[in-house]
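Nothing in this text is a laboratory measurement; each read-out follows from the coordinates by a stated rule. Since we're looking at a predicted model, the values are computed, not measured. Positions of Cβ are generated from backbone atoms using ideal geometry, with glycine treated the same way; all protein chains shown enter the neighbour counts.
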Amino acid sequence: MVLALVEHDSGEVEDTSLEALTLARDVADQAGESLEAIAFGSEAEGIAETVGAYGVAVVNAVDHAELDAYAPEAYGRAVAQCAEETGTDAVVAPGTDRGAETLAHAASKLDETMAAEVTDVDVDVDDDYALTRQRWGGTLIEHSRLSADTNLLTVAANEISAAESGGDPADVSTFSPDLDGSDLRVQLARVEESDVEGVPLAEARVVVGGGRGTDGDFSELEALVEQLPNAALGSSRAAVNEGWRPHDDQIGQTGNKIAPEIYIAAGISGAVQHMVGCKGAENILAINTDPEAAIIQKADWAVVADLHEVAPSIAEELDRRGHAD
């Protein structure tokens, strides 16, 4: 049997989990096994119809008074115990922060290896898994093999198209993990919603990013974003580390992955970790005073000048024209 970790919001399954289910179903089909899911939260039963359409036969709804809030070690313990009790050949999780953290804890408790950022799996006659997976945020593609009593893997987000297979709503089975106090030493206490309005970075047609070269002054870049339709403001890790911008704005390997029609990178050096986050951009316009900056070499267009002069000039020209197509 193949077990898939499903993340949901009040019974609405996250898109990344639907992608993971699509790959998990393919693995189960290749191995000639059934597909089941495990889900946490008081409304876990509500996902039965959705996941049934993706080939899931049974939803193992975790029932524990302490697990309505996220607790990474406890989640990992529950996944490990469910895998052991059901005789699972593989556990597949979405490649989200929570999915990766949960599966890492499960791997530790099962004493097994976990493979992250997988995009394809071929199951051979010996039930070994030939994996294709991303490294360095997708800048490197690795081919490897995984062979374990329980194969554990996360699915790279936004790399697989979610596809239904048709099917009746899944049956629901309550699963009650056996936890101890140490499993609950880290728990989610509260969620603070960002008060930043506008287009999400991942969905913007145009992204304007600022880095260390802004010296903490993002006012010109903010004004430029206001002149552009479907635009969002982002930043480099350096700007976040300086406390100039919130982490939600960070573009890079440990931040947001963007794929706009054009990315305007102002005062950003172009470290490899940042370029991982913006590699999906169709075009890059770099503004930097350093002609040797890495991002200048990688950009489609470059302006070697002070961003505090260039950004207002672009905004003024857009305002003069009365549109920003």
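Structural remarks
- If you plug the beta carbon distance of ASP178 and ARG320 into 1/(1 + (r/R0)^6) with R0 = 56 Å, you get a FRET efficiency near 0.25.
- Residue range of the chain that is longest and free of GluC sites (Glu not before Pro) which are both DSSP loop and sparsely packed (at most 15 other C-beta within 10 Å): 67-163
- The modelled label-to-label distance for the pair ASP215/ARG185, using points 7 Å beyond Cα in the direction of Cβ, is 4.7 nm.
- Summed side-chain charge close to ASP120 - residues other than ASP120 whose Cβ falls under 12 Å, Lys, Arg +1, Asp, Glu -1: -4
- Karplus-derived 3J(HN,Hα) values for the range 170-184, using 6.51 cos²θ - 1.76 cosθ + 1.60 with θ = phi - 60°, are 5, 5, 10, 10, 7, 10, 10, x, 9, 10, 10, x, 5, 5, 10 Hz; glycine and proline are entered as x.
- Across the range 201-321, the convex hull enclosing all Cα atoms gives 86 Å³ per residue.
- The chain - Rg over Rh from alpha carbon coordinates, Kirkwood radius: 1.05
- Amide hydrogen neighbours beyond the local backbone of LEU152, cut-off 5 Å, H modeled: VAL91, ALA115
- Per-residue Karplus couplings for the range 252-269, computed as 6.51 cos²θ - 1.76 cosθ + 1.60 with θ equal to phi - 60°, are listed in order as x, 4, 9, x, 7, 9, 10, 8, x, 5, 8, 10, 9, 9, 10, x, 10, 6 Hz, Gly and Pro entered as x.
- Using the Cβ-Cβ distance between GLU85 and GLU309 with R0 set to 51 Å, the FRET efficiency from 1/(1 + (r/R0)^6) comes to roughly 0.20.
- Note on HIS247, HIS8: ascending count of other Cβ atoms within 10 Å places them as HIS247, HIS8, the fewest first.
- A cut-off of 5 Å between modelled amide H atoms, ignoring neighbours fewer than 5 places along the same chain, links ALA4 with GLU36, ALA37, ILE38, VAL92.
- Most fluctuating residue given options GLY167, GLY181, GLY76, as computed from a GNM of the chain linking Cα atoms under 10 Å: GLY181
- Once Rg and the Kirkwood radius are both taken over the C-alpha atoms of the range 109-151, their ratio Rg/Rh works out to 1.00.
- Candidates SER182, SER42, SER269: whichever shows maximal mean-square fluctuation once the chain is modelled as a Gaussian network with Cα springs under 10 Å: SER182
- The chain - percent relative contact order, Cα under 8 Å, separation 6 or more: 15 percent
- With eigenvalues of the C-alpha gyration tensor scaled by 5 and rooted, the range 2-184, Å: 23, 19, 16
- For VAL172, residues with placed amide H under 5 Å, excluding near neighbours: VAL59
- Our coupling estimate for the range 236-249, obtained by passing each phi through the Karplus curve with A = 6.51, B = -1.76, C = 1.60 and θ = phi - 60°, is 8, 5, 4, 5, 5, 4, 6, x, 7, 9, x, 4, 4, 8 Hz, Gly and Pro reported as x.
- For the options GLY277, GLY267, GLY166, a Gaussian network treatment of the chain with springs between C-alpha atoms closer than 10 Å singles out GLY166 as fluctuating the most.
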